[in-house]
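Written out below as structure tokens is the structure these notes cover.
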Amino acid sequence: MNAQKRRMRELEHKREIERLWQEKLAVYKAQREQEWEEMRVKQEMEIIQRNVVEEEKQRLLAQHAEILNQFNPKAASMYGSTQFKQ
């Protein structure tokens, strides 16, 4: 009878260890998924910000292309002088 009780306690202990391990694994997976989602959102925001900055840069260059060409004619090709004239 003692041997049987001992085996039952060992089996119960093994089940409890397995259950705890599964819970810990589930928490770990959820954390990793959340980290990936946060990273994805951050990358999307960086892309959007870069696009806004580039659009504003192009707008300012177009707005001030004639002035820039007067002060630095060699760089006119860089500003695309024909492209930015109003």
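We did not get these values from a lab; they are worked out from the coordinates using the rules stated. For clarity, every value in this text was computed on a predicted model and none was experimentally measured. Cβ placement follows ideal geometry from the backbone for every residue including glycine, while neighbour counts extend to all protein chains displayed.
Details
- Neighbour-count order for LEU68, LEU11, fewest beta carbons within 10 angstrom listed first: LEU11, LEU68
- Using θ = phi - 60° and Karplus 6.51 cos²θ - 1.76 cosθ + 1.60, couplings along region 56-71 (whole Hz; Gly, Pro as x): 5, 4, 5, 5, 5, 5, 5, 5, 10, 4, 5, 5, 4, 5, 5, 8
- Neighbourhood charge, 13 Å Cβ-Cβ cut-off, centred on MET39 and excluding it, Lys, Arg +1 and Asp, Glu -1: -3
- 3J(HN,Hα) along region 40-52: 5, 4, 4, 5, 4, 5, 5, 5, 4, 5, 4, 5, 5 Hz, from the Karplus curve 6.51 cos²θ - 1.76 cosθ + 1.60 with θ = phi - 60°, whole Hz, x for Gly and Pro.
- Contour minus Cα-Cα distance for VAL52 and MET8 (0.36 nm per residue): 9.2 nm
- Inter-label distance, nm, simple model (7 Å from Cα along the C-beta direction), LYS29/LEU61: 4.9 nm
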